[in-house]
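Q: Below is a structure I'd like to ask you about.
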Amino acid sequence: MSGTPRSPRAEARPSGAAGSFQALIEQIYLERDSARGVPGTLLWFVEEVGELVRAIRRGERANLEEEFGDVYAWLATLASLHGLDLEAVGRRKYAAGCPRCRATPCGCPHPPQPA
Ligand SMILES: [Mg+2]
Ligand SMILES: [Zn+2]
C-alpha cells in the first residue's frame with residue numbers, strides 16, 4: 001500500500017459500458033484520474049466548463065467541437081470516479097420522457113428548471 005492520500009469516493013474500477021465513450025476515456029485516463037481523485041478532477045471539469053462557455057459565446061465551430069469534447073470527457077471521468085455508467089444513468093432518468101410530466105416531447109406548462 002502506498003501512503004498517497006486518495007479521495008474515499010475515487011473508484012478505479014471501469015464503469016462505462018464496453019464500446020462507450022466513457023470506456024474509451026477510462027482506457028486512456030482512469031488510472032491517472034483515480035490517483036488524482038475527485039476534488040482535483042472537479043477543478044479540471046469546472047475549468048473546461050468555463051472554456052465551453054467561452055466557446056459558445058465565441059461561436060466558432062472548431063473551438064465548439066474542442067470544448068464539447070473536453071467537457072464530455074471530464075464528465076465521463078467524474079462518473080467513472082463515482083462508479084457510475086454515464087449513459088445508463090442518463091437513460092434511466094429520461095427513458096420515460098420528461099421526468100416531471102413524463103411526456104415526450106416535454107409538455108410542462110413553463111420552461112422547467114434543471115431537475
Ligand atoms: Mg478545453
Ligand atoms: Zn415536462
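Q: Step through the residues of the stretch 73-90 one at a time and calculate ³J(HN,Hα) from phi using the Karplus curve (6.51 cos²θ - 1.76 cosθ + 1.60, θ = phi - 60°), rounding each to whole Hz and writing x for Gly and Pro.
A: Per residue, the Karplus-derived 3J(HN,Hα) values read 5, 6, 5, 4, 4, 5, 4, 4, 5, 9, x, 10, 8, 4, 4, 5, 5, x Hz.
Q: Arranged by the count of other C-beta atoms within 10 angstrom, fewest first, what order do 41, 77 take?
A: Values: 41 21, 77 26.
Fewest-to-most ranking of 41, 77: 41, 77.
Q: Another question about this same structure. Listed highest first by mean packing, meaning other Cβ atoms within 10 Å per residue, what order do 91-97, 42-48 come in?
A: 42-48, 91-97
Q: Using amide H atoms built 1.01 Å from N in the peptide plane, name the residues 5+ places from residue 97, or on other chains, whose amide H lies under 5 Å from its own.
A: none
Q: Apply the Karplus parameterisation 6.51 cos²θ - 1.76 cosθ + 1.60, with θ equal to phi minus 60°, to every residue of the stretch 48-61 and state each ³J(HN,Hα) to the nearest whole Hz, in sequence, with x for glycine and proline.
A: Running phi through 6.51 cos²θ - 1.76 cosθ + 1.60 with θ = phi - 60° gives 5, 4, x, 5, 5, 4, 5, 5, 5, 5, 6, x, 8, 4 Hz.
Q: Pick out, from 69, 50, 37, the residue whose Cα sits farthest towards the positive end of the charge dipole of the stretch 21-84, with +1 on the Cβ of Lys and Arg and -1 on the Cβ of Asp and Glu.
A: Result: 50.
Q: Let me ask another. Just round it to a whole percent: the fraction of Cα-Cα distances in the stretch 21-84 exceeding 18 Å. Present the calculation step by step, with values, prior to reporting the outcome.
A: On the way: 714 of 2016 pairs.
Tail of the P(r) past 18 Å holds 35 percent of the pairs.
Q: Return the calculated 222 nm mean residue ellipticity for the chain, to the nearest 500 deg cm²/dmol, obtained by summing -39500 (n - 2.57) across DSSP H runs with n ≥ 4 and dividing by the residue count.
A: Numbers: 4 runs with 67 residues, N = 115.
Rounded to the nearest 500, the figure is -19500 deg cm²/dmol.
Q: Work out from phi, with θ = phi - 60° and the Karplus expression 6.51 cos²θ - 1.76 cosθ + 1.60, the ³J(HN,Hα) of each residue of the stretch 28-43, listed in order in whole Hz, and give x for Gly and Pro.
A: 7, 10, 4, 4, 5, 5, 5, 5, 5, x, 5, x, x, 5, 4, 4
Here, each number is a calculation from the coordinates, and none is a lab measurement. The structure displayed is predicted, hence computed values, not measured ones. Glycine also receives a Cβ, built like all others from the backbone with ideal geometry; neighbour counts cover every protein chain displayed.
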